[in-house]
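The values are calculated or read from the model by the stated rules, or taken from the named source; none is laboratory data. From a predicted model like this one, the values you see are computed outputs, not experimental measurements. Neighbour counts are summed over all protein chains in view; Cβ atoms, including those assigned to glycine, are modelled from backbone coordinates with ideal geometry.
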Amino acid sequence: MAVVISALLPVFLLIVLGFVLKRSLMRLDTQWHGLERLTYYVLFPTLLIQTLVKADLSDVPVAGVGGALLLSALLMSLLCLALRPLFSRLAIDGPAFSSIFRGAILAVCSAVPCASSAYVLARQMGGDAPLLAQIITLQTILAGITMPLVIALVTTGT
C-alpha cells in the first residue's frame, strides 16, 4: 500500500498545486495558457524521458507485448473487412466505411501507449505485468469488435 501511495501522492499534490495556482496567483487566462504550454511541451516530455531512462526494461518481453498489439491491429483490420458486406447492406459504404476502418485501427493504436505504460508501471510496482498486458490486449480486441457494430447501429438509427 505504501508503494501505491508514494506513486500517487506526487500526482495528487501537483493537481492541488495547479488548483491553488489557478485560484490565487494566475488568474489571467494568458498566464495559465503559457504555463500549460510549458508543461505540455517541455516539462511533461522531460519527465517521461527521465522516467524511461531510469526504468529497468531488461526483463520486459518486447516481442510478446509488441506482437500482441500488432496482432490486435491485424485482427481489427480483418474484422472490419469481414464486416464490410454487413456495412454495405446498412448503407455504409465508401467514405463511411473508410472512417469506421480508420477509427477501429486508431482505437487499437491508441491502446499501444496505454499498454506499454501500464505494463511498466505494474512491473515497477510489483504487480503481475504479463497478466496486465494480456488483459489490455483482450480489452482492446473486444472494444475493437464492438466499436464497428455500435457505429453501424447508431448510423442506421436502430
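Take the residues in region 123-158 that are hydroxyl-bearing (Ser, Thr, Tyr) and in a helix (DSSP H, G or I), then tell me which one is farthest from the chain's Cα centre (by Cα). Residue satisfying both the conditions and the ranking: Thr156. Within the span defined as region 9-30, every residue fails to be under 23 Å from the mean Cα position of the chain (by Cα) and among the basic types (Lys, Arg).
A single member of Ala122, Ala115 is of a type in the set (A, V, I, L, M), modelled with pLDDT under 70 and surrounded by 16 or more Cβ atoms within 10 Å (Cβ to Cβ), and it is Ala115.
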